[in-house]
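Have a look at the structure below, then the notes.
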Amino acid sequence: MKNKTSSKIIKLVVSLAVLGIAVLIGVLSGALDFSKLSFNVSLTVLLKVVVMAFSIIAVEIILSILLTLPNPKNHRLRSVLSILASLLKYIAFIVILCWGLSILGVNVSTIVASVGIIALIVGFSAESLIADVVTGAFMIFENQYNVGDIVEVDGFRGTVTSIGIRTTCITDPGDNVKIVNNSAMKNILNRSDKISRSVSVISVPYATDLEKLESEIPALMERIYEKRTDIFKAPPKYLGVDALADSAVVLKFVVNVDEKDIYSGARLLNRDLLLGFRSLGVECPFPQVDVHSDR
């Protein structure tokens, strides 16, 4: 954390120094003449700026609300609407800034031409902004992830709730929100591309007639699937003996589910297997401690 803070401070100092040098060169060379910048500030002018700013903000809010009204199921379309809503904020800020300076009597085009676009970009530390914007654009064009997809980034797993010009918001099942700069969205694991699998292991006593139990498992899998067709994509599969534990034989099962149901699917499969095995007369063993005494 300290290293990141120090890096940001150094970047800010360097950027301000570059901006200062650019302005100084502009003044010494005569390219930038502040005497030509006139300000006509009065109560009326300030009122115009305030009215203009509030009007643009109101329009931006209205358009943002209109973009959220459709709430399409298509993840791709939701991503586009999310980016447009984010883009509106930046457009509104730029319009307010340029229009406000014009109302105050500042020749915006003169400032931009004098200082230079590159100096402004470096001076305001916008290199990270450009990286975020460009990376985000490529991610959307390449369809790497969309709003509504379940992704894993640096060990954080959650649903993409919004994609902006600069950042992506990911919300986990506990409603914890992780905000990641688009340029930092690397090594993404998109878990929504394919069907996921819930895994369950269940133990049976060594005394169990394994061959008889295995002959009854297919019918049990069909019964379990008929109760869970809203979550399970197909009947659970029996993979075989997973381990020979100290006091039990461990059997392994899997079932295809949507990624959002991967944990609830495992819990349901555990429950149904326990009850199903009991109905077949097979009890799941529990750890026991044998105590021997010479008395």
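A short reminder: the numbers here are calculations on the coordinates, not readings from a lab. Bear in mind that the values here come from a model prediction, so they are computed numbers and not experimental data. FYI the Cβ positions are ideal-geometry reconstructions off the backbone, even for glycines, and counts take in every protein chain you see.
Over the Cα atoms of segment 150-190, what is the Rg over Rh ratio if Rh follows Kirkwood? Taking Rh as the inverse mean 1/r over Cα pairs, Rg/Rh reads 0.92. Taking amide H positions as modeled 1.01 Å from N, with prolines and chain starts lacking one, the residues under 5 Å from THR167 and 5 or more places away or on another chain are ASN182. Cβ crowding within 10 Å ranks ASP242, ASP261, ASP175, ASP154 as ASP175, ASP154, ASP242, ASP261, fewest other Cβ atoms first.
Put in line by how crowded their Cβ is, counting other Cβ atoms within 10 Å and starting with the fewest, TYR225, TYR145 read TYR225, TYR145. Computed 3J(HN,Hα) for segment 246-257, one whole-Hz value per residue from the Karplus formula 6.51 cos²θ - 1.76 cosθ + 1.60 where θ = phi - 60°, is 4, 10, 6, 9, 9, 9, 10, 10, 9, 8, 7, 9, glycine and proline marked x.
The charge dipole of segment 150-190, taken about the Cα centre with unit charges on the Cβ atoms of Lys, Arg (+1) and Asp, Glu (-1), comes to about 160 debye, rounded to the nearest 20.
Sorted fewest first by neighbouring Cβ atoms within 10 angstrom, ASP132, ASP209 come out as ASP209, ASP132. Let me know the shape class of segment 149-295, please: from the alpha-carbon gyration tensor, a ≥ b ≥ c as square roots of the eigenvalues, rounded when a/c is under 1.5, otherwise prolate if a/b is greater than b/c, or oblate. Prolate. For ALA245, the amide hydrogen comes within under 5 Å of the amide hydrogens of VAL250, counting only partners 5 or more places away or on other chains and with H modelled in the peptide plane.
Placing dummy labels 7 Å off each Cα toward the beta-carbon, the span from ALA131 to VAL59 is 3.4 nm.
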